[in-house]
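The values are calculated or read from the model by the stated rules, or taken from the named source; none is laboratory data. Model, not experiment: these values are computed from the prediction. Virtual Cβ from ideal backbone geometry, glycine too; neighbours counted across all protein chains shown.
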Amino acid sequence: MIERLFGDIVGGANVLTDPKDTQPYLTDWRRQYSGSAECVVRPANTDEVARVVAACARERIAIVPQGGNTGLSGGATPTGKGREVVLALGRLNRIRALDRLNDTLTVEAGCVLANVQAAADEAGRLFPLSLAAEGSCQIGGNLSTNAGGINVLRYGTAREQVLGLEVVLPDGRVWDGLRGLRKDNTGYDLKQLFLGAEGTLGIITAAVLRLHPKPSASVTAWIALQSAAAAVELLATLHEKLGERLSAFELLARSCVDAVLKFAPGTQDPLAAVHPWYVLTEIADSGEELTLRDRVEKVLADCAERGAIEDAVLAQSGEQARALWRIRETVPEAQFTNVKHDVSVPVSKTAEFIERAGPRLAAKFPDVRIYAFGHVGDGNIHYNIGPEGLVFERPAVNRIVYDTVAELGGSISAEHGLGQLKRDEILRHKPAIELELMRALKHTLDPHNLMNPGKVL
């Protein structure tokens, strides 16, 4: 019955029911969440998505939209609590339009992020959203979770890269908001409802993305520091001296570097001496690279003279720059099994968060090992706690971390979304009126709770 219901729309070969075929869609990347679904449906275009959603609405079957399945909060995994189907959007992978003069790229939701970057690059433009999973994550998932990545400091989150959306609503109707306008003051900005909503209000099927000028010069630097507080001070200095050229500013504790060196054979420590903290930063601009490099070297030399940094090395080639970034990108895999947190605080409070949370955790868990890294330029810290055995103490660990975040006016989810992981925890942190407004939106757009149930709310 289920095969015929959807097979008439997408073709029988694109309705998966055999457990061998469906299993990869039913477990999240971290293997923390697994569920069941009646089938996996793989539509090829927006019309097929709309028809599948309309059929589900008639039959009261819930839909779990899924992109590259690289999420870290269980947002794309079925809960198994009722009739559910997984709607895999990977076949919606066309680049629909490129407008060089308007600096926009219109893409379908199933486009892999790296392919979107490549399409922009071929046009001499930059699409700045960049994260470790860019070779497999899909743009629809990036937008539905409002992904961040390494370039938020300069370009903003995924939300800020979007000018228009196409969305299939919970009843199967299609809202065509694919407008490449920078200014449109005609009422509510409806696209913002679906960006970061994790598929709970509708299904993003296409987007008009904002492109940027492609820098002609870039400098990558690995900088050693004595403390996280020194990193925050360095960020302010680089901003003052280099302005908007500062594209990325990533903090890594020494524990993260040690984990990568142990995990990834062939990885080399960038500096001879060991230091407690490091920053990996990228500075990009138009003009000549030698000019930019000279400017960066002078700024760092001044910082070293003042004792603001311990040591630094600049990548001398693209290969060396990629090797430095490989260390940062390998950190999540290098300490895969532990208690993970994706939190944010005001940039000025990032060091204070680290200084408060660490001793509190150590007081309760004497053998604790902390892997702190992330996008200090926007206050987003990935604060992971080992050893592995502490996964059984997750509620107690979370309480210490989240209470510290709350003290500093932060958020318990900076870029990974709530999904299933933080759906209950958010009740402790959101004001009642905010939750009331969110539920009102959900009920208005999805009165039967068919869009990704069990996530966010």
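Please verify whether LEU190 is without any contact (Cβ under 8 Å) to a residue 60 or more places away in the chain, among the aliphatic types (A, V, I, L, M), in contact with a Ser or Thr (Cβ under 9 Å, 6 or more places away or on another chain) and farther than 30 Å from LEU16 by Cβ, treating the condition exactly as stated. Can you show your working first?
Values: without any contact (Cβ under 8 Å) to a residue 60 or more places away in the chain: yes; among the aliphatic types (A, V, I, L, M): yes; in contact with a Ser or Thr (Cβ under 9 Å, 6 or more places away or on another chain): no; farther than 30 Å from LEU16 by Cβ: yes.
Here the answer is no, as LEU190 does not meet what is asked.
I need the strands (runs of 3 or more DSSP E) fully contained in region 267-372, keeping only those with at least 2 residues that are within 26 Å of ARG30 (Cα to Cα).
Details: elements: 277-285, 311-314, 342-344.
Because the criterion is at least 2 residues that are within 26 Å of ARG30 (Cα to Cα), the strands (runs of 3 or more DSSP E) in region 267-372 that meet it are 342-344.
Has region 393-405 got any residue that is touching a helix residue (DSSP H, G or I) at 6+ places or on another chain (Cβ under 7 Å) and assigned to a loop (DSSP other than H, G, I, E, B)?
No, region 393-405 contains no residue that is touching a helix residue (DSSP H, G or I) at 6+ places or on another chain (Cβ under 7 Å) and assigned to a loop (DSSP other than H, G, I, E, B).
Quick one: in region 107-156, which of the residues that are β-branched (Val, Ile, Thr), over 13 Å from the mean Cα position of the chain (by Cα) and closer than 16 Å to HIS212 by Cβ is surrounded by the fewest Cβ atoms within 10 Å (Cβ to Cβ)? Write out each step before concluding.
Filtering region 107-156 down to residues β-branched (Val, Ile, Thr) leaves 107, 112, 116, 139, 145, 150, 152.
Adding the requirement that they be over 13 Å from the mean Cα position of the chain (by Cα) leaves 107, 112, 116.
Next, only the ones that are closer than 16 Å to HIS212 by Cβ stay: 107, 116.
Working: VAL107: 26, VAL116: 23.
The qualifying residue surrounded by the fewest Cβ atoms within 10 Å (Cβ to Cβ) is VAL116.
Of the numbered conditions (1) surrounded by fewer than 18 Cβ atoms within 10 Å (Cβ to Cβ); (2) farther than 23 Å from GLN335 by Cα, THR205 fails exactly one; give the number of that condition.
Unmet condition: (1).
Of (1) touching a residue at least 12 places away in the same chain (Cβ under 8 Å); (2) over 19 Å from the mean Cα position of the chain (by Cα), ASN384 satisfies all except one. Which?
Tallying (1) touching a residue at least 12 places away in the same chain (Cβ under 8 Å); (2) over 19 Å from the mean Cα position of the chain (by Cα), ASN384 fails exactly one: (2).
Can you name the condition, by its number, that GLY409 falls short on among (1) part of a loop (DSSP other than H, G, I, E, B); (2) modelled with pLDDT of 95 or more; (3) within 16 Å of the chain's Cα centre (by Cα)?
(3)
Would you pick out the residues in region 291-324 that are touching a residue at least 60 places away in the same chain (Cβ under 8 Å), more than 16 Å from GLN268 (Cα to Cα) and of a type outside the set (D, E, K, R)?
THR291, LEU292, VAL296, VAL299, LEU300, CYS303, ALA308, ILE309
When you scan region 372-379, do you find a residue that is among the aromatic types (Phe, Trp, Tyr), at pLDDT 95 or above and under 13 Å from SER344 (Cβ atoms), even just one? So that I can check it myself, show each step before the final result.
Pass one, region 372-379, residues among the aromatic types (Phe, Trp, Tyr): 373.
From what's left, at pLDDT 95 or above: 373.
Among the residues that remain, those that are also under 13 Å from SER344 (Cβ atoms) are: none.
So far as region 372-379 goes, no, none of its residues is among the aromatic types (Phe, Trp, Tyr), at pLDDT 95 or above and under 13 Å from SER344 (Cβ atoms).
What number of residues within region 412-440 satisfy the criterion of being outside any helix (DSSP H, G or I) and not polar (S, T, N, Q)? Spell out the reasoning first.
Residues of region 412-440 outside any helix (DSSP H, G or I): 412-424, 429-431.
Next, only the ones that are not polar (S, T, N, Q) stay: 412, 414-419, 421-424, 429-431.
Looking only at that region, the number is 14.
So for region 92-100 (the condition being buried (at least 20 other Cβ atoms within 10 Å of the Cβ) and either modelled with pLDDT under 95 or more than 30 Å from SER216 (Cα to Cα) (or both)), does at least one residue qualify?
As a first pass, look at region 92-100 and keep what is buried (at least 20 other Cβ atoms within 10 Å of the Cβ): 92.
Filter once more, keeping what is either modelled with pLDDT under 95 or more than 30 Å from SER216 (Cα to Cα) (or both): 92.
Within region 92-100, one or more residues are buried (at least 20 other Cβ atoms within 10 Å of the Cβ) and either modelled with pLDDT under 95 or more than 30 Å from SER216 (Cα to Cα) (or both).
Anything in region 42-61 that is more than 25 Å from the chain's Cα centre (by Cα) and surrounded by 24 or more Cβ atoms within 10 Å (Cβ to Cβ)? List them, or say none.
Listed by number, the residues that qualify are VAL52, VAL53, CYS56.
Of GLY74, GLY80, which residue is within 30 Å of HIS382 (Cα to Cα), buried (at least 19 other Cβ atoms within 10 Å of the Cβ) and either in contact with a helix residue (DSSP H, G or I) (Cβ under 6 Å, 6 or more places away or on another chain) or not acidic (Asp, Glu) (or both)?
On the way: GLY80 fails: buried (at least 19 other Cβ atoms within 10 Å of the Cβ).
Result of the check over GLY74, GLY80: GLY74.
Would you point out which residue out of VAL49, VAL112, VAL40 is more than 30 Å from ILE327 (Cβ to Cβ), out of contact with any helix residue (DSSP H, G or I) (no Cβ under 7 Å at 6 or more places or on another chain) and modelled with pLDDT of 95 or more? So that I can check it myself, show each step before the final result.
Working: VAL112 fails: more than 30 Å from ILE327 (Cβ to Cβ); VAL40 fails: out of contact with any helix residue (DSSP H, G or I) (no Cβ under 7 Å at 6 or more places or on another chain).
Answer to the selection: VAL49.
How many residues are closer than 16 Å to VAL260 by Cα and crowded, with 19+ Cβ neighbours inside 10 Å if we restrict to region 301-324? Walk me through how you get there before you give the answer.
Taking region 301-324 first, the residues closer than 16 Å to VAL260 by Cα are 322-324.
With crowded, with 19+ Cβ neighbours inside 10 Å added as a condition, the list becomes 324.
The total comes to 1.
Within region 330-370, restricting attention to residues that are surrounded by fewer than 21 Cβ atoms within 10 Å (Cβ to Cβ) and of a type in the set (Asp, Glu), which residue is farthest from the chain's Cα centre (by Cα)?
Once the filter is applied, the top-ranked residue is ASP367.
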